[in-house]
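Trainee: Handing you this structure, nothing more for now.
Each value in this text was obtained by applying a stated rule to the coordinates, not by laboratory testing. Bear in mind that the values here come from a model prediction, so they are computed numbers and not experimental data. Using ideal geometry, Cβ is built from the backbone for each residue, glycine included, and neighbour counts are taken over all protein chains shown.
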Amino acid sequence: MSDYGAHDMVAPLRRVLMKRPGATMASADPAQWHYAGALKLERLQANHDALVERIRAAGVEIVFLDEGPGKLADSVFTHDPSLVTKEGAIVLRMGKRLRQGEESVHASFYQSHDIPILGSIEEPGTIEAGDCVWLDDRTLCVGLGLRTNDAGISQLQQIVADMGVSVHSFELPPSQSSDACLHLMSLISMLDHDLALIYPPLLPVRLQQFLRQRGIECLPAPENEFKLSGSLSINVLALAPRNCVTVAGFPDTRALMQAAGCSVSTFPGDELCLKAEGGPTCLTRPILRCA
């Protein structure tokens, strides 16, 4: 069995890439990085350690990135700069300019771990993995917005075509700016191959129809918690089908998932998630998922 391949959102997570927050993130200018306020290192690390504990409890191997270049305050959100398929990694190109440079860190990681690189997104293309949702290993949905453009989607289509993967793009609603985070995964999380948590008021109608056509049941996330959390109530990491981790503090959303048969564990994300706009999926780059 290969030790990489994750074009699936819910198959059992076996190996994941993470990065513990350090001084670079804690000292970052909140206005420049679009954080809700100044960040406290001790609390950032406590939040992250709690997520690591939940993931390790599921038997997942965690590989950590080093601190890396000092300017990359958002690099703790390891999900976005790359994708990992059964054929190898795809290095993306970040739409948030302050995050450009994280891609080379991921490329170096894959090279040092003997994971082949299938291709890279090149200028003028941009695409962030937060805009990429696998419905199955041959169907990839991509959000077109301020972080991901047409040129990036076109390049990604060419890279995955030989694997028989079809890429379906969906236009996202406008957000404040490219510094604000509204990814496709801000509006949908896959909980099982036939179950998704969505926010219907903003999720593209064509994608909602596409999900129904594929027999995927959609749970409408409570509006009050979605708004209160800045969309993070819907940011759910599937460790396995219907076995999920999410940020604590949103009981109605948790109860909705539990009523659908999901086991849901939580971790405190008051500093790392709610103030820095990234949930458990953002904090993890799956390297291997398999039954």
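Trainee: Looking at segment 151-162, which of its residues are farther than 21 Å from T281 by Cβ and touching a Ser or Thr at 6+ places or on another chain (Cβ under 8 Å)?
Mentor: A151
Trainee: For segment 26-38, what are the residues that are surrounded by 17 or more Cβ atoms within 10 Å (Cβ to Cβ) and either free of Cβ contacts under 8 Å to residues at least 40 places away in the same chain or under 21 Å from the mean Cα position of the chain (by Cα) (or both)?
Mentor: A26, W33, H34, Y35
Trainee: Next up: Among the listed residues L239, L256, identify the single one that is in contact (Cβ under 8 Å) with a residue 24 or more places away in the chain and buried (at least 21 other Cβ atoms within 10 Å of the Cβ).
Mentor: Selected residue: L239, the only one of L239, L256 that is in contact (Cβ under 8 Å) with a residue 24 or more places away in the chain and buried (at least 21 other Cβ atoms within 10 Å of the Cβ).
Trainee: Could you check segment 122-232 for strands (runs of 3 or more DSSP E) lying wholly inside it with 1 or more residues that are touching a residue at least 24 places away in the same chain (Cβ under 8 Å), among the small types (G, A, S) and surrounded by 19 or more Cβ atoms within 10 Å (Cβ to Cβ)?
Mentor: Passing ranges, in order: 139-144, 166-171, 188-192.
Trainee: Before we move on, is C244 within 17 Å of the chain's Cα centre (by Cα) and either in contact (Cβ under 8 Å) with a residue 12 or more places away in the chain or not in a strand (DSSP E or B) (or both)? Outline the logic, then answer.
Mentor: Numbers: within 17 Å of the chain's Cα centre (by Cα): yes; either in contact (Cβ under 8 Å) with a residue 12 or more places away in the chain or not in a strand (DSSP E or B) (or both): yes.
Yes, satisfied.
Trainee: Of the residues V63, V91, which is β-branched (V, I, T) and surrounded by 15 or more Cβ atoms within 10 Å (Cβ to Cβ)? Step through it out loud before you land on a result.
Mentor: Numbers: V63 fails: surrounded by 15 or more Cβ atoms within 10 Å (Cβ to Cβ).
Only one candidate qualifies: V91.
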